[in-house]
1. Under a cut-off of 17 Å between alpha-carbon atoms, report the lysines in cross-link reach of K74, not counting same-chain residues fewer than 8 places apart.
2. Over the C-alpha atoms of the stretch 82-150, what are the Rg and the largest Cα-to-Cα span, Dmax, in Å?
3. Across bins of 5 angstrom width beginning at 0, how are the C-alpha pair distances of the stretch 71-111 distributed, in whole percent?
4. Show which lysines lie in cross-link reach of K162 when reach means a straight Cα distance below 28 angstrom and same-chain residues fewer than eight apart are skipped.
5. What percentage of all Cα-Cα pairs in the chain are separated by more than 30 Å?
6. Give me log10 I(q)/I(0) at q = 0.11, 0.12, 0.21 Å⁻¹ for the stretch 1-99, Debye formula, one equal scatterer per alpha-carbon, no solvent.
7. Once every Cα of the stretch 100-206 carries one equal point scatterer and solvent is ignored, give the base-10 log of I(q)/I(0) from the Debye formula at q = 0.14, 0.19, 0.20 Å⁻¹, two decimals.
8. So if I take the centroid of the Cα atoms in the stretch 175-189 and the same for the stretch 1-80, what is the distance between those two points in Å?
Amino acid sequence: RKRDYEGFLCSLLLPAESRTSAFALRAFNVELAQADSITQKTTGLMRMQFWREAVEGIYCDSPPHQPVATELWKAVKRHNLTKMWFMKIVDEREKNLDDRAYRNIQELETYAENTQSALLYLTLEMLGVRDIHADHAASHIGKAQGIVTCLRATPYHSTRQKVFLPMDICMLRGVSQEDFIRGKQEKNVRDVIYDIASQAHIHLEH
């Protein structure tokens, strides 16, 4: 609830019988997001390995004694959730521990697909929806959400001397990472934000 308030609110809109499982999925995502933001890569890798092994244990009916893992195991049993989506989320979050900017918008979209979209695929499964058209919509919504999340996090990351926005768009507009770190508001900086946000909007139009 504290770490993903928007996700918490959205989960409240789901059928009552699905909410506990939805909260478990969101809590799993928060756990990985927190590991993703750890400054020490070694510590982050250890957290990712814990969750990789936790998922393996969940699908062998031997989840670790950890509250989120226990609830996730119940959700998997209740809804027959696909293991592959959990692993994609863990693997992609682990790659992100490299702590570097995305080379291009496609790389950011891949990250969003394997994290945000994968979470939506699991949510659909939890609701008993296994439909190619629903998955198509979830893919685009997840990509849009991932792009917007990257934009929204830029001020926070800038205070930590980090910028993750796609380098190709920044270079096209003649904007450096230093421009974001210094909080510049020039037109070319705003154009970078507009270009990236426009890509998210394109996904919502599909």
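1. Answer for K74, where 17 Å is the Cα cut-off: K83, listed by chain and number.
2. 12.1, 37
3. Using 5 Å bins, I get a P(r) of 5, 19, 21, 18, 13, 10, 9, 4 for the stretch 71-111.
4. The reachable lysines, counting only those whose Cα sits under 28 Å from K162, are K2, K41, K88, K95, K143, K184, K187.
5. Numbers: 5154 of 21115 pairs.
In whole percent, the share of Cα-Cα pairs in the chain beyond 30 Å is 24.
6. Treating every Cα as an identical point scatterer, log10 I(q)/I(0) equals -0.32, -0.38, -1.10.
7. Calculated log10 I(q)/I(0) at the listed q: -0.56, -0.89, -0.96.
8. 36 Å
The numbers here are math on the coordinates, done by the rules we state, and not lab data. Being a predicted model, the structure only gives us computed values, none of them experimental.
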